[in-house]
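Below is one structure; the comments refer to it alone.
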Amino acid sequence: MKKLFILFILFVFIFKLSAQNKITISGYIKDSTNGEALSSCNISIDDLKTGTQSNAYGFYSISLEPGTYTISYSFVGYTTKSITIEANKNITINQELNKVSALFSTVSLKGKRKDNNVEKVEMSVNNLSIAQIKKIPALLGEVDIVKSVQLLPGVSTVGEGATGFNVRGGSIDQNLILLDEAPVFNSSHLFGFFSIFNPDAVKDVKLIKGGMPATYGGRLSSTLDVRMKEGNSKKTEVNGGIGVIFSRLSIEGPIMPKRLKNKASYIVAGRRSYIDVLAKPFTKNNSNLKDAIFYFYDFTAKVNYTFNPNNKLFVSGYLGRDAFGVPNAKFDWGNTTATVRWNHLFSKKLFTNFITYYSKYDYRLGFGSGNNSFNWQSNIINFSVKPDFTYYITPKNTLNFGAISTYYIFSPGKATSKDISSTVEFGLPKKYAMESAIFAENEQKVSDKLTMRYGIRISNFKYLGKGTALQLKREFAGQRADVIGITSYQDMEVIKSYTVPEPRFSMNYKLNKLTSLKLSYNRMAQYLHLISNTAASVPLDVWTPTTNNIKPQIADQVAVGYFKNFGKNIDYELSIESYYKTLQNQIDYVDGANLLLNPQLETDLLSGKGRAYGIEFYAKKNVGKLNGWISYTLAKSERKVDGISKNEWYANRFDRRHNLNITGSYELSKKWNAAASFVFGTGTPTNLPNTKYSFQNIQGIPQNASELRNNVRIKPYHRLDMSFTYTHKKTAKWESNWVFGVYNIYKRRNPFSYYSQPDPQNNFATQLIRYSVIGSIVPSVSWNFKF
């Protein structure tokens, strides 16, 4: 570690010498209408044919020889602004760009350069704006970020009502989901039908599937980075909507604008479903349902304050919960996050983002009432600190480096049982862990054609006391392990420590102005594990840390891609990517594993390896009356565990061989817009018996005689959705629209899973039952407003 630090300092020193005698032009780029920072804005020096882009906070910096230059600021959907300056010393130039209303109405990717697909070194990345997401038809007409992500190449889900999403053959816990830098452990409301993100509070969404920047880590498959709005710093603005299942409202604006001179702004947003309210007239005469509760809500807030040109503070938070219950049974779960970020400029070339966050996911389950009850609760809590530095060395070299440390508290389960005579408390003890990492990465423009990004992330995980550690011995592969010893540890004592180097590399070679080839490699380490052996994850699943028996998951992925833009105004973009990923220490389970409140859970866990590979096609039209995309993924995802499936490779539960998504919208007139989305996916694998046997007087007992895991594949999934948006009124002060939607137009009963049961008429026969979550047309209407 010491040698690495010395090499890093030497690396910076050499580049610093090369940057002497230069001046630096820096500043922030914002939207002129609301003061929101514009990320990925293109800043070009026309005279030198060089330039840079603004970061996530709208900041840019570029070092040049003293002289006179023409600088252009360009951004899709905004008027390009050019200025000529004479620069003899460091200078700060802040710019506010104006939206082009005529163009903006037909632009689907606000905040994205037209040529980013070819120019940038990053690959396996998809950016979604809220304007684009709002055009996609959705269940019950409710705009949904996670459901929109599922339409991208390389992304899938096991079915309707499934929590989260799967990326390039990974499970849902292998996706790092961030809300303003804070991790979210369950991204769904209503058992997976809706996401927890309020679209009125979200600024943009970025999904990274490969070529992972060194600043990200902790998950194997992807990072979904969701950034909240900063809040309108120009004027007070209200957004909202009333739908079939819930309503939402957001308010944003400047804080004391006259006194603070637009240095501070805020946004607050809330949603609440009213299924329970609508159902009351139908359940009031039913003794079992009249007091039922079933609703969800979420509340999002953010405030920021600019102290001076070098210091800005952001504070944001989220609180959301689902509650379901009937008399004598209740169940609720939810997420809580809080993030504090301080942007500081040490110099015109060194931008720093100091981050600290808190995140919690918990659930509670209860039965009975009063002196005859059972209550169970579980949670995972983490606290983190992360300093993140960006050093703009030269126009051809940008260095990003930093560190992160996260402390975890795991509460697998605590239960209380009451009766008239006694109260009994039992459960599993808490577990503790510390995850830390340092990272450094340089993006270098080697030539006009070749750009590289290379770096490393070194992560360390410590499984900590107070607690006990089991020593295990497994006699036979695939069978439950035996406990041969138990060791106790004191507070903060290290039970087991792991260190994993995670190299990162990306390369972009431009064949011409409109075409490029890209290559990337990354290693990822994951120290948290979601324990679940159900067809789809449920809120009751438990997170557990890496321990002395559970090793960290590791993935190595290589990807290569071809990227091309074409059309008169670069209206179209095309990408073809192929990837190959190997995975180590993948968790599986012995047959009949007991996962709930099991003090010896580790005896039921198995470890194996995995592999995933595929090719992704993505074609997109960005502007015009007709825009949208087509994505197709051909992929395979497998696991191999000793003692399982005859020690052979088997398809994992979320393997989909073919996945096709077609999404588009068309502007029929100034008032009407039509949109449609078609989804097709090969069925996912599942386990079903293929023979029967008799035992004593019991006949027709089903059995999987082949002993192969996931031996049957469910029928293909496909669905067509449509929506029509009518803009009722649109002025400078007021805007409203109606959205009419139809989900599952041709009433496809897509199977979520199959299960078998004995035929009551014939003990030697078996009935195969298909379970479908949605099997009919789901119409919807919603009203949205803004003023």
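The values are calculated or read from the model by the stated rules, or taken from the named source; none is laboratory data. If you're wondering where the values come from, they're calculated on a predicted model, not measured in any experiment. Glycine also receives a Cβ, built like all others from the backbone with ideal geometry; neighbour counts cover every protein chain displayed. All accessible areas refer to the heavy atoms of the entire protein, side chains included, with ligands and DNA or RNA removed. Shrake-Rupley method; radii C 1.70, N 1.55, O 1.52, S 1.80 Å.
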Summing +1 for each Lys or Arg and -1 for each Asp or Glu, what net charge is found among the other residues whose Cβ lies under 14 Å from the Cβ of Ile662? +3
At each listed q (0.17, 0.25 Å⁻¹), what is the log10 of I(q)/I(0) that the Debye formula gives for segment 324-406 modelled as equal alpha-carbon point scatterers? -0.78, -1.10
Check: C-alpha center segment 480-523 vs C-alpha center segment 165-201, spacing in Å is 21 Å
For segment 538-585, the Rg and Dmax computed from alpha carbons only, in angstrom: 19.8, 59
Would you mind getting me the FRET efficiency between Val494 and Arg611? Use the beta-carbon distance for r and R0 = 41 Å, nearest 0.05. 0.80
What is the local net charge at Ala437, summed over the other residues whose Cβ is closer than 11 Å to its Cβ (Lys, Arg +1; Asp, Glu -1)? 0
How much accessible area per residue does the chain have, counting only protein heavy atoms and a probe of 1.4 Å, in square angstrom? 43 Å²
Distant-in-sequence amide H partners of Cys41 (H built 1.01 Å from N, under 5 Å): Ser54
Angle between the chain longest axis and helix 2-18 axis [Cα atoms, degrees, rounded to 10]: 30 degrees
From the P(r) of segment 399-492, can you give the percent of Cα pairs sitting at distances over 19 Å? 69 percent
Can you pull the one-decimal nm distance between simple spin-label points at Asn328 and Arg770, each 7 Å off the Cα toward Cβ? 3.6 nm
Restrict the search to segment 455-538; then list the chymotrypsin sites (Phe, Trp or Tyr not before Pro) that DSSP places in a loop and that have at most 13 other Cβ atoms within 10 Å of their Cβ. Phe476
Got a sec to turn the phi values of segment 155-164 into Karplus ³J(HN,Hα) couplings, 6.51 cos²θ - 1.76 cosθ + 1.60 with θ = phi - 60°, whole Hz, x for Gly and Pro? 10, 8, 9, 6, x, 5, x, 8, 6, x
Within the chain, percent of DSSP bridges classed antiparallel, to nearest 5: 95 percent
Not counting ligands, DNA or RNA, and with a 1.4 Å probe, what is Glu573's accessible surface area in Å² rounded to the nearest 10? 10 Å²
Show which aspartates and glutamates lie in cross-link reach of Lys636 when reach means a straight Cα distance below 20 angstrom and same-chain residues fewer than eight apart are skipped. Asp173, Asp556, Glu577, Asp588, Glu616, Glu648, Asp655
Non-local amide H neighbours of Gly51 (under 5 Å, H modeled in plane, Pro and chain starts lacking H): which ones? Ile45
Can you tell me the order of 57-69, 79-91 when each peptide is scored by its average per-residue count of other Cβ atoms within 10 angstrom, highest first? 57-69, 79-91
Beyond 26 Å, what share of the Cα-Cα pairs of segment 594-712 is found? Please give it as a whole percent. 51 percent
Restricted to Cα positions, what overall size does segment 251-332 have along the principal axes? Three whole-Å values, descending. 62, 22, 12
Count of lysine pairs, segment 533-624, Cα-Cα under 18 Å, sep. 8 or more residues or interchain, comes to 6
Can you run the Rg to Rh ratio on segment 468-586? Use alpha carbon positions and the Kirkwood inverse-distance Rh. 1.18
Here D for segment 538-660, in µm²/s, from Stokes-Einstein with a Kirkwood Rh over Cα pairs at 4 °C and 1.567 mPa s, works out to 73 µm²/s
Suppose we keep just the alpha-carbon trace of segment 64-209; what are its Rg and Dmax in angstrom? 19.4, 61
Roughly speaking, to the nearest percent, how much of segment 216-296's 1.4 Å accessible area is carbon and sulfur? 58 percent
Pairs on different chains or at least eight residues apart, Cα atoms closer than 13 Å: how many lysine pairs in segment 646-787 fit? 7
Under the 0.36 nm per residue contour assumption, what length would be gained going from the current alpha-carbon distance of Phe299 and Tyr454 to full extension? 51.9 nm
Name the long-range amide H neighbours of Asn166: under 5 Å, sequence gap of 5 or more, or other chain; modelled H, no Pro or chain starts. Ser156, Thr157
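Please give the contour-minus-distance gain from Gln600 to Leu289: 0.36 nm per residue of separation, less the Cα-Cα distance, rounded to one decimal in nm.
108.1 nm
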Can you send over the carbon and sulfur percentage of the accessible area for segment 373-515, probe radius 1.4 Å, protein chains only? 57 percent
Out of Ile458, Ala415, Leu470, whose Cα points farthest toward the positive end of the dipole of segment 358-481 (charges: +1 Lys, Arg; -1 Asp, Glu; placed on Cβ)? Leu470
Could you go through segment 224-230 in sequence order and give the Karplus-derived ³J(HN,Hα) for each residue, using 6.51 cos²θ - 1.76 cosθ + 1.60 with θ = phi - 60°, rounded to whole Hz, and x for Gly and Pro? 9, 9, 9, 10, 7, 4, 8
Helix-only mean residue ellipticity at 222 nm for the chain, each DSSP H run of n ≥ 4 adding -39500 (n - 2.57), per residue, nearest 500: -1500 deg cm²/dmol
